[in-house]
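The values are calculated or read from the model by the stated rules, or taken from the named source; none is laboratory data. Keep in mind the model is a prediction, meaning the values are calculated, not measured. Neighbour counts are summed over all protein chains in view; Cβ atoms, including those assigned to glycine, are modelled from backbone coordinates with ideal geometry. To get the accessible areas, we keep the full protein, side chains included, count just its heavy atoms, and leave off ligands, DNA and RNA. Shrake-Rupley method; radii C 1.70, N 1.55, O 1.52, S 1.80 Å.
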Amino acid sequence: MKQLGLRAVPFDEGQIAAIKDKAAQHGYELLQLDPKGSYPEDALKDCELLMGYFPKEMVKKAVNLKWLQSASAGVDKLCDLAMYPNDSVILTNSSGAFGIAIAEYLLTGLLMLMRRMPVYLEQQKRHEWKQAPGGIGSVYGSTVTVIGLGDLGSNFAKRMKALGATVRAVKRTVCEKPEYVDELYTNDKLLEAVKDADVVAMCLPGTPQTEGMVSAEVMAAMKQGAYLLNAGRGKTLNQDALVQNLKSGHLGGAVIDVAVVEPIPADDPIWDLPNIVITPHISGNDNDSLNANLMFDIYMENLDRYFAGEKLRNVIDLKRGY
């Protein structure tokens, strides 16, 4: 019997039951794999559909596979053509499930830096009651450049605009300017887009084209004291240049949820910078109920489309990586 495989998805029992029922209506058996369990490499041999996170060696043995939906938005690790049993497999992602949560994360980190919260948290540990030196920033009246205008970038840009910022956006291709963006730039105008910005937020996917996109040159073009935020992919940022720009004071602070190497090595100098907020790739956590529910809705819509023979949502071009 044809199977629909699930592994490492954040769905509750009711959502799993709904997927099972929909699959059964179309002649598919649900195969649910425990991510902590041990299975033979050919455990997915009868799976035509997969949803979640699966080891590459198991996907390669899924000889009847037609469609894999990732539980994540980033799919750079899934764009290896060699991991699929044939070149007709469709890959889709869960873009649209994480933008709200990650935008709120970026806003949290930015306000922490602007309001000197890392300094006050350290003072709290020392039981010190005193005003931190230096000025206070505000989103209102600032200029914010958002690099990448997908689900994440759009959600963050909307929130910056609502809080009174002038919003610049950078994207790969020319399009009509959204109402929540004041100035729209293409990638080749990146240096112009970051100039004089108080905040630069990186919301980029991990592709060969975006690797190292925010380089030492880009950081040098940024305003003295500007804040740099990255919740996209670590390899899109020159991390060594970030450390140097924070040490020199050229940049006022940074928020990073992603890194070139994850976990960040314990001896990496980035840990010891006083003007940085570092989190372990948790801004779009699968276990956030909002994210999980949006992911479920996206998947159920795609299941309906698949069974109806319609074009799927969020199809990834494996050669381009997005």
Item to check | Selection from LEU65, CYS79, PHE98, by position along the positive dipole direction of the range 57-111 (Cβ) | outcome: LEU65
Checklist entry - Measuring with a 1.4 Å probe in the full set of protein chains, what accessible area per residue, in whole Å², belongs to the range 37-155? => result 48
Next on the checklist: Suppose every Lys and Arg Cβ carries +1 and every Asp and Glu Cβ carries -1, with no other charges. What dipole size does the chain come out with about its Cα centre, to the nearest 20 debye?
Outcome noted: 440
Item to check | Residue among HIS281, LEU228, VAL255 farthest towards the positive dipole end of the range 189-287, charges placed on Cβ | outcome: LEU228
Next on the checklist: Taking the square root of 5 times each eigenvalue of the Cα gyration tensor, what semi-axes in Å does the equivalent ellipsoid of the chain have, largest first?
Outcome noted: 39, 21, 19
Checklist entry - With charges set only on the Cβ (+1 for Lys and Arg, -1 for Asp and Glu), what does the dipole of the range 65-184 come to about its Cα centre, in debye to the nearest 20? => result 440
Checklist outcome for this item: Given pairs LYS45/LYS77; LYS61/LYS311; LYS130/LYS247; LYS130/LYS223; LYS45/LYS235; LYS161/LYS195 and cut-off 27 Å on Cα-Cα distance, the over-length ones are LYS130/LYS223; LYS45/LYS235
Item to check | Low-density loop cleavage sites - trypsin sites (Lys or Arg not before Pro) in the range 1-41, where at most 12 other Cβ are within 10 Å (DSSP) | outcome: LYS36
Checklist entry - Using +1 on the beta carbon of Lys and Arg, -1 on that of Asp and Glu, and nothing else charged, what's the dipole of the range 155-228 about the Cα centre, debye to 20? => result 200
Next on the checklist: Tell me which of VAL218, GLY137, GLY150 sits at the most positive position along the dipole axis of the range 97-222, charges placed on C-beta atoms (Lys, Arg +1; Asp, Glu -1).
Outcome noted: GLY137
Checklist entry - Out of every Cα pair in the range 177-322, what percent are spaced more than 25 Å from each other? => result 41
